């Protein structure tokens with residue numbers, strides 16, 4: 001299968017996953033959102049975690065701090081529990097998957113979370 005066909009299937013899978021997600025509940029304009037991407041570390045049981053609070057300097061620093069704290073955890077639930085204890089609630093989940101040679105699976109998860117008001 002050519003690279004173009006593989007790319008098409010990956011993009012198609014991603015679009016279908018996004019389209020099938022449950023609706024996001026409305027939040028106020030003052031809500032603080034965070035986007036978290038969790039993937040497996042190569043040859044490890046630990047996780048890579050990337051946390052994004054936004055593009056302002058203080059948001060970037062906050063994202064780096066949370067990324068450092070959460071990277072290396074062994075469970076996706078541990079990542080979610082940490083964020084919930086810190087006052088965030090889960091708004092939506094996105095699954096990142098890959099298809100290669102007719103087989104595939106989940107390669108990562110994305111979480112959209114919002115600070116509880």
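What the table below lists for this structure:
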| item | result |
| --- | --- |
| Residues of the range 59-96 satisfying the condition of being over 13 Å from the mean Cα position of the chain (by Cα) and assigned to a strand (DSSP E or B) | 88, 89 |
| Qualifying positions in the range 29-58 - touching a helix residue (DSSP H, G or I) at 6+ places or on another chain (Cβ under 8 Å) and at negative phi | 34, 36, 38, 47, 49, 50, 51, 52, 53 |
| Qualifying residues in the range 76-96 (those that are modelled with pLDDT of 90 or more and closer than 10 Å to residue 38 by Cα) - the one surrounded by the most Cβ atoms within 10 Å (Cβ to Cβ) | 79 |
| Residue match in the range 20-32 (condition: modelled with pLDDT of 75 or more, assigned to a strand (DSSP E or B) and surrounded by 14 or more Cβ atoms within 10 Å (Cβ to Cβ)) | no |
| Test set (1) farther than 14 Å from residue 39 by Cα; (2) part of a strand (DSSP E or B); (3) under 14 Å from the mean Cα position of the chain (by Cα) - residue 99 fails condition number | (3) |
| Residue list for the range 59-98, filter: touching a residue at least 60 places away in the same chain (Cβ under 8 Å) and out of contact with any helix residue (DSSP H, G or I) (no Cβ under 8 Å at 6 or more places or on another chain) | 91, 92, 93 |
| Those residues of the range 49-72 which are in contact with a strand residue (DSSP E or B) (Cβ under 6 Å, 6 or more places away or on another chain) and surrounded by 17 or more Cβ atoms within 10 Å (Cβ to Cβ), in sequence order | 49, 50, 51, 52, 53, 63, 66, 70 |
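The values are calculated or read from the model by the stated rules, or taken from the named source; none is laboratory data. From a predicted model like this one, the values you see are computed outputs, not experimental measurements. FYI the Cβ positions are ideal-geometry reconstructions off the backbone, even for glycines, and counts take in every protein chain you see.
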